[in-house]
Amino acid sequence: QVQLVESGGGLVQPGGSLRLSCAASGTRFSISTMGWYRQCPGKQRELVATMVTGGSTNYVESVKGRFTISRDNAKNTVFLQMNSLQPEDTAVYYCNARLLALDFWGRGTQVTVSS
């Protein structure tokens, strides 16, 4: 069983930055895909960014050029650098790990962008 622990959320003003971190434990295997999803109240969870061990990335269109995903494969850790944050980025951000065709989720961290 893979456990994911997120950190780094909080309250930030529009135009500000935050860095999310997620550490995976409970597996000896390298996790093929790690990423971030977000969910706003009353809306479905949406993909924000993912990264595979080889380095390929995928971003939702609305965050391209503002968010950067990175990984430390040796530590099964994934990061999300979020710049130029806007109120519409407000959501609970969830870390995701895909291992052997199974999806694992963190508990989520709140990101609030407000003046």
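Filtering segment 63-75 for residues that are on the phi > 0 side of the Ramachandran plot, at pLDDT below 95 and of a type in the set (A, V, I, L, M, F, W, C) leaves an empty set. Does residue 78 satisfy the criteria of being under 16 Å from residue 4 (Cβ atoms), among the β-branched types (Val, Ile, Thr), surrounded by 19 or more Cβ atoms within 10 Å (Cβ to Cβ) and in contact with an Asp or Glu (Cβ under 9 Å, 6 or more places away or on another chain)? For residue 78, the condition - under 16 Å from residue 4 (Cβ atoms), among the β-branched types (Val, Ile, Thr), surrounded by 19 or more Cβ atoms within 10 Å (Cβ to Cβ) and in contact with an Asp or Glu (Cβ under 9 Å, 6 or more places away or on another chain) - is met.
Considering only residues of segment 106-115 that are of a type in the set (S, T, N, Q) and surrounded by 15 or more Cβ atoms within 10 Å (Cβ to Cβ), which is nearest to residue 46 (Cα to Cα)?
Start the filter on segment 106-115 by keeping residues that are of a type in the set (S, T, N, Q), which leaves 109-110, 112, 114-115.
Still in the list and also surrounded by 15 or more Cβ atoms within 10 Å (Cβ to Cβ): 109, 112.
On the way: 109: 15, 112: 17 Å.
Of everything passing the filter in segment 106-115, 109 is nearest to residue 46 (Cα to Cα).
Residue-level check: of (1) part of a loop (DSSP other than H, G, I, E, B); (2) open to solvent by 40 Å² or more (accessible area, probe 1.4 Å); (3) of a type outside the set (Lys, Arg), residue 103 misses just (1).
One residue stands out among those in segment 37-75 that are of a type in the set (Lys, Arg) and farther than 17 Å from residue 9 by Cβ: the one that is least open to solvent (accessible area, probe 1.4 Å), which is 71.
Taking segment 17-35 as the range and being surrounded by fewer than 15 Cβ atoms within 10 Å (Cβ to Cβ) and within 20 Å of residue 113 (Cβ to Cβ) as the test, the residues that pass are 17, 19.
What strands (runs of 3 or more DSSP E) lie completely within segment 1-87 and have 1 or more residues being in contact (Cβ under 8 Å) with a residue 60 or more places away in the chain, hydroxyl-bearing (Ser, Thr, Tyr) and more than 22 Å from residue 100 (Cβ to Cβ)?
Numbers: elements: 3-7, 10-12, 18-25, 33-39, 46-52, 57-59, 67-72, 77-82.
The qualifying strands (runs of 3 or more DSSP E) are 3-7.
Note on segment 81-100: residues that are under 14 Å from residue 39 (Cα atoms) and either among the hydroxyl-bearing types (Ser, Thr, Tyr) or open to solvent by less than 20 Å² (accessible area, probe 1.4 Å) (or both) total 7.
The values are calculated or read from the model by the stated rules, or taken from the named source; none is laboratory data. Because the structure is a prediction, the values reported are computed rather than measured. Neighbour counts run over all protein chains shown; Cβ positions are idealised from the backbone, glycine included. What goes into the accessible areas is simple: the full protein's heavy atoms, side chains included, and nothing from ligands, DNA or RNA. Shrake-Rupley method; radii C 1.70, N 1.55, O 1.52, S 1.80 Å.
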